[in-house]
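Below is one structure, written out as structure tokens; comments come after it.
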Amino acid sequence: MVSGTGDVPMKIRRVIFEKFNDPNLRFTNDEVFEMLRADGLESSLTIDDMEPHFKQLREEGLIRPIAQNFTTQWFKIFDTVKRYSCKSCGQEVYLGRLEPRVCPNPQCKAAL
């Protein structure tokens, strides 16, 4: 369950791994947002609050934008995403095959 905003990028990574783990699939920020809301995302958050998190994932090399229409953005992943278990923080983390093998948990950043 998503409790605050600090773990939102980690939760987005999980949704991408579970639902959109194919470089040929496209998905929107709206789809991911609705899945996170169904999973308990803080109810005060809006789709506009998600923009920095998707920007972070673009900058980290997990997703790439392919289209935009107002607040709806379409993305694809660069390559398949793999699940890792971080031995330092104990979290399940999801990284694209092209991303560095570093825990994306901002409180950890350990090598995987």
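Coordinate-derived values only; no laboratory data. None of the values given here were measured: they were computed from a predicted structure. So basically every Cβ, Gly included, is an ideal-geometry build from the backbone, and we count neighbours across all protein chains shown.
Of all residues in the stretch 56-87, those satisfying the criterion of being closer than 19 Å to Cys108 by Cα and either surrounded by 12 or more Cβ atoms within 10 Å (Cβ to Cβ) or among the hydrophobic types (A, V, I, L, M, F, W, C) (or both) are Gln56, Leu57, Glu60, Gly61, Leu62, Lys82, Arg83, Tyr84, Cys86.
When Asn21 is tested against (1) in a loop (DSSP other than H, G, I, E, B); (2) out of contact with any Ser or Thr (no Cβ under 7 Å at 6 or more places or on another chain), just one condition goes unmet, and that condition is (2). Scanning the stretch 58-112 for residues that are more than 15 Å from Met10 (Cβ to Cβ), among the aliphatic types (A, V, I, L, M) and assigned to a loop (DSSP other than H, G, I, E, B) yields a single hit, Leu98.
If you go through the stretch 39-66 and pick out every residue that is farther than 20 Å from Tyr94 by Cα and either β-branched (Val, Ile, Thr) or free of Cβ contacts under 8 Å to residues at least 40 places away in the same chain (or both), you end up with 6.
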